[in-house]
Each structure stands twice: as structure tokens, then as C-alpha cells.
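The values are calculated or read from the model by the stated rules, or taken from the named source; none is laboratory data. Everything numeric in this text was worked out from a predicted model, so none of it was measured. Here the Cβ positions follow ideal geometry from the backbone for every residue, glycine too, while neighbour counts run over all protein chains shown. When the accessible area is computed, the model is the full protein with side chains, heavy atoms only, and any ligands, DNA or RNA have been set aside. Shrake-Rupley method; radii C 1.70, N 1.55, O 1.52, S 1.80 Å.
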Amino acid sequence: MLTVVAAWFAVLAVCAAAALFGDSARVSGSRSTAVQRAGLFLSRGGPWLAGVCAVAVAAVTGAWLPAAALGAVAVTVVAVVGLGLAPH
């Protein structure tokens, strides 16, 4: 039980770090493309959405520890993809 709680605190920490990291993403200039706007959304809101989806998957399946591990990976992937789409 303690391992599951620690894993979910780790997911929360990864979400917070990814959201702070994504705060640096900006869309440059007045001509922002749809890809840049999608990257900005993924950088700022994507980590929290991935975390919420991980909680939902864990609640439905009952597999809390694997869902926490996959949630941390998903949050990281979403943050990196968002930064790749909106690098400025």
C-alpha cells in the first residue's frame, strides 16, 4: 500500500515538474500555426490531462501501481511532445 501511495506522489511530482517546464513554451510571433498552438496546449495542460487519465485507468482497472508507472511515462511523453511542437 505504501508503495502505491509513493508511486502516485511521484506521478504528482512529475506532473508538477512537467507543468512548470511547459510554462516556458511560448508561441512566437503573431503568425502561430495550428501545430504550435497544439504544442502550447500539450506543454501546459497535457501533463495534467495525462495524470487524470492515469487515475481514471487505475480506478477502472484496479491496477494502481502499473497505472502510476504508465502515468508518469505518459506525462513525460506529453510534455516532451508539446515542447517539440512549440519550442519557443
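Ordered by solvent-accessible area of protein heavy atoms (1.4 Å probe), largest first, the residues THR61, THR76 come out as THR61, THR76. Pairwise inverse Cα distances across the chain, averaged and inverted, put the Kirkwood hydrodynamic radius at 13.2 Å.
Which of the DSSP-defined H helices in the chain satisfy a minimum axial length of 27 Å, computed from C-alpha atoms, and a minimum mean Kyte-Doolittle hydropathy of 0.5? Don't skip to the end; give the middle numbers.
Values: long enough: 2-22 (30 Å, 2.32); 64-85 (31 Å, 2.13).
Answer set is 2-22, 64-85.
Ligands, DNA and RNA are left out, and with a 1.4 angstrom probe the accessible area of the chain is 60 Å² per residue. Taking label points 7 Å from Cα along the Cα-to-Cβ direction, LEU20 and VAL4 give a separation of 2.9 nm.
Report the paramagnetic label zone for VAL52: residues of the range 63-88 whose backbone N is under 17 Å from a point 7 Å from Cα along the Cα-to-Cβ axis. Label zone hits: 71-72, 74-76, 78-79. Figure note: TRP48, TRP8 ranked by solvent-accessible area, largest first, 1.4 Å probe, ligands and nucleic acids not counted: TRP48, TRP8. Extending 7 Å from the Cα toward the beta-carbon at both ALA59 and PHE41 defines two label points whose distance is 2.3 nm.
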